Amino acid sequence: MATKAPKRTKDDLKRAKQNALDLLKEDHQKVQKMFTAFSRLKEKGDPIDKENLVEETCLELLVHADLEEQVFYPAVRKAIHDPELMNEAKVEHGETRELIAQIQEMEAADELYNAKVTVLGEYVVHHIREEEDAMFPRILQSRLDLDELGDRMLARKEALLAEREAQ
Ligand SMILES: [Fe+2]
Ligand SMILES: [Fe+2]
């Protein structure tokens with residue numbers, strides 16, 4: 001019996017036609033929801049649930065930061081000619097990575113755990129606003145091919161996720 005090609009899911013179809021900005025906005029929404037979920041668990045949530053959610057959130061953020069730094073930011077730097085804006089984004093990623101590294105060393109029972117995760121969430125929301133409100137409009141005015149970039153980013157994201165899973 002001939003084997004049928006796997007059916008494409010609705011998710012695959014949606015992802016297949018995402019441009020670069022849609023792809024990033026979807027990641028942004030996802031992590032913001034994760035921080036909202038954390039704020040609900042913060043006071044009385046089970047410590048294991050909290051740690052699992054936080055670890056998942058940190059991995060999501062690291063893959064997103066790698067993707068932007070390796071593929072998105074270099075393309076945007078060339079297209080919008082605003083080194084200051086791009087340097088600020090780079091510094092914010094650096095600070096975020098430092099906070100993530102500290103949190104990954106902690107346990108939910110640690111005194112500063114909730115505070116660190118909350119500050120990380122505030123930091124990430126600020127960074128997302130800078131990207132969506134300052135950087136993305138500049139990109140839309142540029143000649144950057146967002147469909148082509150989206151394809152490259154999707155391929156890179158899949159490779160990054162596979163790398164993370166193999167770790
Ligand atoms: Fe970013
Ligand atoms: Fe981003």
Using only Cα atoms, locate the centre of the stretch 40-73 and the centre of the stretch 113-163, then give the distance between them in Å, rounded to an integer.
-> 14
Which value in nm describes the separation of the simple spin-label points at Ala37 and Asp82, placed 7 Å from the Cα toward the beta carbon?
-> 3.3
How high is the relative contact order of the stretch 20-166, in percent, counting Cα pairs under 8 Å that sit 6 or more residues apart?
-> 41
Subtracting the Cα-Cα distance of Lys44 and Leu112 from 0.36 nm times their residue separation yields 22.9 nm
Averaged per residue, what accessible surface does the chain expose to a 1.4 Å probe, in Å²?
-> 63
How large is ³J(HN,Hα), in whole Hz, for each residue of the stretch 96-107 in order, when computed from phi with the Karplus curve 6.51 cos²θ - 1.76 cosθ + 1.60 and θ = phi - 60°, using x for Gly and Pro?
-> 4, 4, 5, 5, 4, 4, 5, 5, 5, 8, 9, 10
Using θ = phi - 60° and the Karplus curve 6.51 cos²θ - 1.76 cosθ + 1.60, what whole-Hz ³J(HN,Hα) does each residue of the stretch 83-92 get, with Gly and Pro shown as x?
-> x, 4, 4, 5, 5, 4, 4, 5, 5, 4
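The values are calculated or read from the model by the stated rules, or taken from the named source; none is laboratory data. If you're wondering where the values come from, they're calculated on a predicted model, not measured in any experiment. Don't worry about glycine lacking a Cβ; one is built from the backbone with ideal geometry, like all the others, and counts go over all protein chains shown. The accessibility values were calculated without ligands, DNA or RNA, using every heavy atom of the protein model including side chains. Shrake-Rupley method; radii C 1.70, N 1.55, O 1.52, S 1.80 Å.
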